[in-house]
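The values are calculated or read from the model by the stated rules, or taken from the named source; none is laboratory data. These numbers were taken from a predicted model, which means no experiment stands behind them. Cβ placement follows ideal geometry from the backbone for every residue including glycine, while neighbour counts extend to all protein chains displayed. Heavy atoms of the whole protein, side chains included, go into the accessibility calculation; ligands, DNA and RNA do not. Shrake-Rupley method; radii C 1.70, N 1.55, O 1.52, S 1.80 Å.
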Amino acid sequence: MQSLDENKAEEIVQIDLRGKTSVCDHMVICSGRSSRQVTAIAEKLLDVLKSNCGVLAKIEGKETGDWVLIDSGDVLVHIFRPEVREFYQLEKMWVPMSKGAAPGGA
């Protein structure tokens with residue numbers, strides 16, 4: 001979360017998925033203003049995960065920079081361009097409206 005914030009990721013949302021899926025325990029969704037920024041945020045996060053946590057995460061989507069997925073095991077991080085994030089609306093799939101979770105509430 002700190003790395004995303006320091007690298008100017010926008011509208012950071014953390015979703016606790018423990019007990020809801022076997023895929024991961026937490027999901028983080030955020031945006032970058034452009035494809036270049038999305039890619040840069042992802043690369044810096046990979047560096048932090050490797051150097052500070054010893055985690056060799058898997059990455060997908062870095063080539064286009066529209067939607068980058070970083071799989072670090074228990075945590076999935078989705079980094080979107082704003083238009084792509086709006087189109088897929090992952091938060092709505094995982095956070096019930098009654099919970100009141102809004103983008104940017106990290």
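Quick rundown of the values:
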quantity: Length gained when the stretch residue 87-residue 69 is fully extended (0.36 nm per residue, less Cα-Cα span); calculated: 4.9 nm
quantity: Estimated dipole of the chain in Debye, rounded to 20 [Cβ of Lys and Arg +1, of Asp and Glu -1, Cα centre]; calculated: 60 debye
quantity: Probe 1.4 Å, all protein chains present, accessible-area order of 26, 78, largest first; calculated: 26, 78
quantity: Debye, to nearest 20: dipole size of segment 41-95, +1 on Lys, Arg Cβ, -1 on Asp, Glu Cβ; calculated: 100 debye
